[in-house]
1. Sort the following peptides by mean Cβ neighbour count (other Cβ atoms within 10 Å, averaged over residues), highest first: 54-66, 99-111.
2. Just add up the charged neighbours of Gly75: K/R +1, D/E -1, any other residue whose Cβ is under 14 Å from the Cβ of Gly75.
3. Note down the net charge around Thr65, summing +1 for each Lys or Arg and -1 for each Asp or Glu among other residues with Cβ under 15 Å from its Cβ.
4. At Gln86 and Ser100, where each label point lies 7 Å from the Cα along Cα→Cβ, what is the point-to-point distance in nanometres?
Amino acid sequence: MMRWAGLTVMLVAIAVSGCAKSNNIQTTSSLYRNGETQTQPVIYNGKPYQVGFTFRSAQNLYDVTVAGKGGRALGSADGDRKIVEQIGSSTVRHYACRDSQKGKIVPGSSRHTGKAWHMQARCG
């Protein structure tokens, strides 16, 4: 009987130590499949925008594009960046994040490309 108890304790210890070593496993929790692009019309301060976001499971983030609706060009100034980051993070939070998580723009990921802004966002 003691032999079985010892064996059981040893197996449990092995299982627990195996779980402890798996710190590099990254779980993703998106409502969308990898590479699936969603596009949403957004009105912000009375102006129409088109926001697209694509889930990237390997990085556990979204590639986000904010464009002016109807081809309206967006400015490239720092104030414009702040506005489109708010639009991008709010859109990801509303449409993609679970359990009341917030959409957060990855620092340094925002860039202006002529008419639109591109950035990356995560739920957290």
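Read the figures in this text as sums done on the coordinates, not as results from a lab. In this text the structure is predicted, and so the values were computed from the model without any measurement. Virtual Cβ from ideal backbone geometry, glycine too; neighbours counted across all protein chains shown.
1. Numbers: 54-66: 18.5, 99-111: 13.7.
Most protected by this proxy first, the peptides run 54-66, 99-111.
2. Working: positive: Lys47, Arg72, Arg81, Lys82, Arg111, Lys115; negative: Asp78, Asp80, Glu85.
Once all neighbours under 14 Å are counted, the net charge is +3.
3. Numbers: positive: Arg56, Lys69, Arg72, Arg81, Arg111, Lys115; negative: Glu36, Asp63, Asp80, Glu85.
Here the charged neighbours net out to +2.
4. According to this spin-label approximation, the distance is 2.3 nm.
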